[in-house]
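Student: Have a look at this one.
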């Protein structure tokens, strides 16, 4: 069974009654709950826990890590970021949600600023499927419509994604690469745009379906880590 | 005229008479010299200079930066790495040579370990052109042969290149992605494998031709940096 | 000097007074005219000419071919399509415009149906730049706005583009991959979406700039065609 | 259960006693046999059967089609090729083996000549894993070694693969993109190089493992075919 750890900063939920009313037990609990139902073995972890809840034992037992953060990216300890980074290169899957685009771990794995345009105006987002072969959109129609979301607009400063699965249309006139896959070392990464804290996005079935599919797609590689460093010749070097 | 700065650690040249005999004035001088002949405006910079020779003025006047380092990656100041990184995102071209795969700047831009297999055995390397449309291999035949080189072997821990231009065959049995392009922000990056300090690789005409082509390809973008942050709607948000 | 041949079906111009009033001498003449001004050596060719104007001599003297067709894709002779196809693999650039997505030559080079959604409703199209490093969008801002265009919507049934340069937003709620590059053999291909015949799209400066840039980018490769077939060993096969 | 049809030209087996001795019941039977053992529901089809064994019923009941051909590519009826092509766009997986690179169906789906260099000299091939995240190489070490194989060398005239999973090293000095994935419509395609008829390649465990993995990866998409053609606006076109 795939073991998922859902990490959440869990700050908006404490400070903003609107967020609290949508996610009474935090975004992480909502996400963990629909993943549990889908048959995954789930755990949650939050910023305020010791080592942000991402201890050696937790990371050893995580096949896929989900990341939601926004206000407190800078409070995440560099040492923890480094541990997560190494785990991804060794094969742990990583799903970065919404404002997690600015998290230390995502920027470190991308090698770019991960900057973008944004606007909070409760506008319609429509995510179009560009890659109908992709398992992450299995069971999803030609698009997903979210009534009210924050806008994220291009240019999105990421490296060229390995696969561009979804592109968003926003009412206000922008587009955005909303579902992107990346490979790093033995690990697979999925960035998924939706999920502003003041809207009930993670309660929407299609959004849950995509995250559920993504966990399965990103599941930890069973390969050994490649051997690096000095290497004896396999063939004779004589002529 | 394209302004190129050739950066070199310049350590092997001071310590190893073999290297000194091949590159009496340093690898940087050899590279700058053939680029000068090709019509570029060139400058060199080395580790031991103040700010490693990469002052504000130098970087402002650099369209393409070439990077050779090996022994002393860790002596490169983080602050300088950060400045180069920002310049690349803003549009400066970057060409990373050989052991520069382990430089701080390349690892930061890639988001991976950039690790690989290696062997110093003076063996034959043959670089095959995989992308005949690419301007970086204009004027190059179907392959380049280098009589004696260090081996680098897969797995090479980089993100999927935007373009895979060259793949190397090594006598001892390995292959390697030897010519790779990457886009980061407004900037273009080319990684080019050959160039071990104890062999006269940068005196070989085809190697010079590829680096010369790469400078032209990587030339600084004339675009403005994209606008990021809050963005007013372009279209009405009313229904 | 780059030699461009602009091919146009030239049927709507004969049948529809609206089209005639926008392009009195045909779409091909308008396109050839701004390319001429940009310093290219231009020629036009149309469906009704012998061999559709694409004789051996014309193709031999074409570095980049531009293709506009719509009503009469099936009237293009297979033999001519085959000749153009071979020229592309040998290094001739190809720029396919708008409804040319359904041309025989584009479908043959893509290997897919090239189907899409469409709607003629004179609605706003906004083309966002996704790849700020690309020479095809040099001199273009963050987006281009076209007041009135036909809508093309995803899913667009093409192979994954080598580079995704532009994505369109449409007023009616769709998105589309509007500027895509592809490599085939020694040749480079650019598909550019805008250009419905009943709107003055090819009179718009930014649209002209992109086509002008694309010609320069797609310019015929100077490489020899690779050698294929039986190949003697380069290295000894003895142990 | 995934339904696999293994298609084989089945000519060498009839004409060449060496091939007959290695594959007494044909290459198709050997491949079908290890796939059956791996738990797939398998069927075989050959050139000489009516409709080459690829009737409407067979294709309707095929999730993944495997293709081996060499001598008789031109004897495959265009009508059958067209049916297979449409099935792939609709979601059927396709695995093309070795000399199948020159089959009508592969060339049609690629849009290129699919040409390459070759040599029959019973030399060593070593296939290196370039993409350790890929499910097609699960259970495979850092490389596979095949003692005796035909050489295929670059340039291989294919479009840029969506994923480059394996690159081959050949004793005689060449490299080759040996494991490549492509997406076309709803369908997934895997090209896998090894399998010259005079060597026992398909009896080798690692080769079998890769083909077995590829079937699972290429399994027919459960998505509906996208809707194409005229499309009503989703959003109001009024300002």
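Coordinate-derived values only; no laboratory data. Predicted model only: the values in this text are computed from it and were never measured. So basically every Cβ, Gly included, is an ideal-geometry build from the backbone, and we count neighbours across all protein chains shown.
Student: Mind pulling the angle between the C-alpha long axis of helix A:78-90 and the longest principal axis of chain A? Nearest 10 degrees, somewhere in 0 to 90.
Tutor: The angle comes out at about 60 degrees.
Student: Checking a compactness column here: for region A:9-84, what do you get for Rg(Cα) / (2.2 N^0.38 Å), N being the number of residues?
Tutor: Rounded to two decimals, the normalised Rg is 1.13.
Student: Anyone know which of B:53, B:69, B:39 comes out most mobile in the 10 Å Cα GNM of chain B?
Tutor: Maximum fluctuation in the GNM of chain B, among the listed residues, is at B:39.
Student: Ok, one more. Does region D:183-239 come out rounded, prolate or oblate, given a ≥ b ≥ c as the square roots of the eigenvalues of its C-alpha gyration tensor, rounded meaning a/c under 1.5 and, failing that, prolate meaning a/b above b/c?
Tutor: prolate
Student: Rounded, prolate or oblate: which fits region B:106-216 when a ≥ b ≥ c are the square roots of the eigenvalues of the alpha-carbon gyration tensor, with rounded for a/c under 1.5 and prolate only if a/b beats b/c?
Tutor: Oblate.
Student: Quick one: label points 7 angstrom along Cα→Cβ at residue A:227, distances to the other copies in nm, smallest first?
Tutor: Going from nearest to farthest copy, the values are 3.7, 5.6, 5.6 nm.
Student: Within 10 Å of each residue's Cβ, count the other Cβ atoms and sort B:117, D:188 from fewest upward.
Tutor: B:117, D:188
Student: Compute log10 of I(q)/I(0) for region C:1-149 with the Debye formula, placing one identical point scatterer on every Cα and leaving out solvent, at q = 0.09, 0.10 Å⁻¹, to two decimals.
Tutor: Rounded to two decimals, the profile gives -0.31, -0.39.
Student: Given the C-alpha centroids of region A:1-24 and region A:165-239, what is the distance between them in whole angstrom?
Tutor: Spelled out, the Cα-based centre of one part sits 22 Å from the other.
Student: Next question, about the same structure. Just to compare against my own numbers: the Cα pair-distance distribution for region A:112-167, 5 Å bins, whole % per bin, please.
Tutor: The calculated distribution, bin by bin, is 5, 17, 20, 22, 22, 14, 1.
Student: Against the longest principal axis of chain A, how steep is helix A:205-218, in degrees 0 to 90 to the nearest 10, with axes from Cα atoms?
Tutor: Around 10 degrees separate the two axes.
Student: Tally the DSSP beta bridges in the protein assembly as shown and give the antiparallel ones as a percent, rounded to 5.
Tutor: Around 55 percent of the beta bridges assigned by DSSP in the protein assembly as shown are antiparallel ones.
Student: Next question, about the same structure. Once you average over the residues of A:133-145, how many Cβ atoms of partner chains fall within 10 Å of each Cβ?
Tutor: Other-chain Cβ atoms within 10 Å of each residue's Cβ, averaged: 4.
Student: Something else: If I take every Cα pair under 8 Å that is 6 or more residues apart in region D:1-148, average their sequence separation and divide by the length, what percent do I get for the relative contact order?
Tutor: 20 percent
Student: Would you tell me the mean number of C-beta atoms belonging to other protein chains that fall within 10 Å of each C-beta in B:160-172, as a whole number?
Tutor: 6
Student: Determine, for C:47, A:54, C:97, the number of other Cβ atoms within 10 Å of each Cβ, and report the residues in order from fewest to most.
Tutor: C:47, A:54, C:97
Student: From the square roots a ≥ b ≥ c of the eigenvalues of the alpha-carbon gyration tensor of the protein assembly as shown, which class results: rounded (a/c under 1.5), prolate (a/b over b/c), or oblate?
Tutor: Rounded shape, in that the Cα axes give a/c under 1.5.
Student: Sticking with this structure for a sec: Among A:19-31, A:167-179, A:127-139, how do they line up from the highest to the lowest mean number of other beta-carbon atoms within 10 Å?
Tutor: Final packing ranking: A:167-179, A:127-139, A:19-31.
Student: Using the number of other C-beta atoms within 10 angstrom as an exposure proxy, rank C:189, B:105 with the fewest first.
Tutor: B:105, C:189
Student: So how tilted is helix B:27-37 from the main axis of chain B? Cα-based, degrees 0 to 90, rounded to 10.
Tutor: Once rounded, one gets 70 degrees.
Student: In a Gaussian network model over chain B where Cα atoms closer than 10 Å are linked, find which of B:18, B:76, B:215 has the largest mean-square fluctuation.
Tutor: Per the Cα network of chain B with a 10 Å cutoff, B:18 tops the list.
Student: Something else now. Where the centre of each part is set by its Cα atoms, how far does region A:60-139 sit from region C:103-141, in angstrom?
Tutor: Result: 29 Å between the Cα centres.
Student: If you average the sequence gap of Cα pairs under 8 Å that are 6 or more apart and divide by the length of region B:146-203, what percent do you get for the contact order?
Tutor: Once divided by the residue count of region B:146-203, the mean separation gives 31 percent.
Student: Nearest to the axis that maps chain A onto chain B: list the chain A residue whose Cβ wins, with the distance in whole angstrom.
Tutor: Nearest to the symmetry axis by Cβ: A:111, 2.
Student: Over the whole of C:82-91, what's the average partner chain Cβ count within 10 Å per residue? Rounded to a whole number, please.
Tutor: What the average comes to for C:82-91 is 1.
Student: Counting only C-alpha contacts under 8 Å and six or more residues apart, can you give the relative contact order of region A:77-219 as a whole percent?
Tutor: RCO, region A:77-219: 30 percent.
Student: So what's the back-of-envelope 222 nm ellipticity for the protein assembly as shown, counting only DSSP H runs of four-plus at -39500 (n - 2.57) apiece and dividing by all residues, rounded to 500?
Tutor: -7000 deg cm²/dmol
Student: Have a look at D:104, D:209, D:222 and tell me which one the Gaussian network model of chain D (Cα, springs below 10 Å) gives the largest fluctuation.
Tutor: It is D:222.
Student: Once you place label points 7 Å from the Cα toward the Cβ at residue B:71 and residue D:61, how far apart are they in nm?
Tutor: About 7.1 nm, to one decimal.
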